[in-house]
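Notes follow once the structure below has been shown.
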Amino acid sequence: CFLASFAFILLISHDGTRTRVLRQPRRLFFDAKTVVLKTDTKIEASGGQISSTNDLCVKISSALEINSWATVQYHKDIDSNTTGKGYDEYSGSFFNSLEEEDDAARSTIAEFNRVRQSVLTKHLLDSGFIAGNAYPTRRFTERMTSGRPLDIAVFGNSFTIGSNCGESSRQNERECAWPNRLVQRWTELFPISPVVNWHMWQENGQTSEGIAQKIPSMIGDFILKNATPDAIFLDNTITDAQLSDKSAGWFEVVVRSLVQVFPGTLIVSIISGVPRLVNNESCHPTEYQYCYQRLRDVQQHYGLTVVDVAEMVRILRHESETDQQDHLWPQSKYMLGAEGEEIGIGDWEKGELYWANFSPRVRKTKHANYPENHPPWLTHQYVADSIMYALLKTAYEGCLSSDLAPPPPPVISEETVAPKNMIDACPICLSRTKTTQSIDMNSNDSAANAPVSVVCGDWRWVTDDRDRAGWQSDEYGSLIRFRLQMSADPVIALTYMTSHLTFGDLLVAFQTSDKPPLTCGDILKKRLPSLTLKGRRSEFSLPKTTIFSAEDGRSPEARSLFQETVVGQSAAYLDLYVENPNTDGKTRIKIQKLSSC
């Protein structure tokens, strides 16, 4: 899919709604036309002035004294704006009164503040920190003294969003999660400067595969501002560990892309403390699978900065063998009731519940499942402080080398950690662009060349309670069309939701725009070749991406459909149709992203 001459990106966001067409004569991996359905939440933290590298280094040296960091305060006691937040209410599922909930929260916070310094020691933080390449390290330090705001982006999943995180049942999960706690810690340590624009791009169930589909949109956003991100956090190891081994190459592809496009950006990879990574399960001796050591191999190969929470958990577990308690990240897959009895999945929606074998003792306040994947707020605070420490150590490394000759920027080699065929099977549509053209996405969907057109049924744009946005249908026979510009050798990536709950399968078909448009029932009646994409899982709710191209080897069925209906065709546009074929109760389908190279 390497196309000559100009590259194009088409970014579609349904919040405004707007479409941008971006062009520039440069090719990076893939020249692209991309339809991206995206969400960007931006948080601005106040700041001031640090005028020199010396000032910064003195400040950082002082800030590295972690015992001087502020203690945690109950969010109800420090929130100056409580209007409409329901702080005078409580969850009847987990507590019998507001007083009971507040007493439990304040008691846990007090105990956390008492033991925090003995858990998150400097030795432990140093054990979990791995410095990255010298070039982005130096650049990060220089940018902190540049006088301009820093831009820091966060990618992650339900843990990063804050599922199960709540000092109380009324605390917003995103406000409780580690990214927001990191914002608070940064503002505390740097109340004057530098200012940071935090770009929160975490999404429930987001994997490296999903991040790959967002990268063109992120590049476009920064190019429009004539800026580059100063740091990018990748917190996606929990969801990546749930993927099949066929998708194990996506993390490396994301890293290669980011290093290539933003060589001076500090890329921070966070290894979560879930049991699969903490237990360091052995990698298959011959097959390339997702495992802790392969993850570390990729981080080392590309010189990433690493916060290894899994290693920190291992160290604490070894040091506390006598009490058999987890102190940083809970490892048990069950919870405990009020009398210490084990409570399994299915009974986590009500009652007095605690994370098992975790100290300090903390009560469940939210309705999310999988306690080992969705730990309590204490874990989020530990993770936020670990990342803050890593940023300080990184900047201090830059201080120590500020008088030396500038290091060279990183160079992407042809050598990869994953097998080359696995990397090639994970395409990303990349382009750096300079000019834009806007199209109103609120225009009539029946327009001939509209990027999105609802042919019939109940297709609608939906953002659910987990902030997962996309085109959604619950009705049998509903048909939607996506129109993409045709090229000689297209590659199309379709990202859709899969789940163990109410989600079913998708029926997809391609047709060039020179043929009569499809009507309801055409695909179901098999009037043209089609492919069923499975949307049902045995557990979890995660997005999945299917790649359609003439060469992709991951899905022979997708490749066969593409060769039969697209390859060799000549038309101005290519139409992708998606129909809802479900009749058995699990009828929901949802399209989250669509990319075309």
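Miscellaneous remarks
- Note: the range 492-597, Cα convex hull, 103 Å³ per residue.
- Sequence-distant contacts, meaning Cα pairs under 8 Å at least 6 residues apart, place the relative contact order of the chain at 20 percent.
- Net charge of Cβ neighbours under 10 Å - reference residue 495; Lys, Arg +1; Asp, Glu -1: +3
- Area accessible to solvent at residue 347, 1.4 Å probe radius, in Å²: 100
- List 290, 382, ordered by accessible area with a 1.4 Å probe, largest first: 290, 382
- Figure note: 387, 412 ranked by solvent-accessible area, largest first, 1.4 Å probe, ligands and nucleic acids not counted: 412, 387.
- Within the straight-line cut-off of under 13 Å between alpha carbons, the aspartates and glutamates reachable from residue 544 are 209, 240, 505, sequence neighbours fewer than 8 places apart in one chain being disregarded.
- The chain, helix-only ellipticity at 222 nm - DSSP H runs n ≥ 4, -39,500 (n - 2.57), divided by all residues, nearest 500: -8500 deg cm²/dmol
- Square roots of five times the Cα gyration tensor eigenvalues for the range 230-302, Å: 22, 14, 10
- Kirkwood Rh (inverse of mean 1/r, distinct Cα pairs), the range 230-360, angstrom: 16.7
- If you take the Cα centroid of the range 516-567 and the Cα centroid of the range 148-207, the two points sit 37 Å apart.
- Measuring between their Cα centroids, the range 251-305 and the range 314-389 lie 25 Å from each other.
- Taking only Cα atoms of the range 555-597, radius of gyration then Dmax in Å: 13.8, 40
- Rounded to 5, percent antiparallel among DSSP beta bridges of the chain: 75
- Flagged links, alpha-carbon separation over 32 Å, of 526/590; 214/393; 122/420: 122/420
- Largest accessible area first, the residues 452, 567 order themselves as 567, 452 under a 1.4 Å probe with ligands, DNA and RNA left out.
- Residue 99 versus residue 58: modelled label distance in nm, points set 7 Å from Cα along the beta carbon direction: 5.2
- Computed over the chain, the P(r) curve from all C-alpha pair distances, binned at 10 Å from the origin, holds 3, 16, 26, 26, 18, 9, 2, 0 percent per bin.
- Rule-of-thumb Rg ratio for the range 310-358 [Cα; 2.2 N^0.38 Å; N residues]: 1.27
- Apportionment of accessible area to carbon and sulfur, the chain, percent (1.4 Å): 47
- Annotation: peptides 389-399, 154-164, ranked by per-residue average of other Cβ atoms within 10 Å with the highest first, follow the order 154-164, 389-399.
- Per residue accessible area of the chain, 1.4 Å probe, in Å²: 40
- Seen against the Cα atoms of the chain and their longest principal axis, helix 377-400 is set at about 90 degrees.
- Using R0 = 45 Å, the C-beta based FRET efficiency linking residue 110 and residue 405 works out to 0.35.
The values are calculated or read from the model by the stated rules, or taken from the named source; none is laboratory data. The shown structure was predicted, so the numbers you read here are calculated from the model rather than taken from an experiment. Note that each Cβ is placed from the backbone with ideal geometry, even for glycine, and that neighbours are counted across all protein chains shown. The protein model used for the area step is the full one, side chains on, heavy atoms only, and it has no ligands, DNA or RNA in it. Shrake-Rupley method; radii C 1.70, N 1.55, O 1.52, S 1.80 Å.
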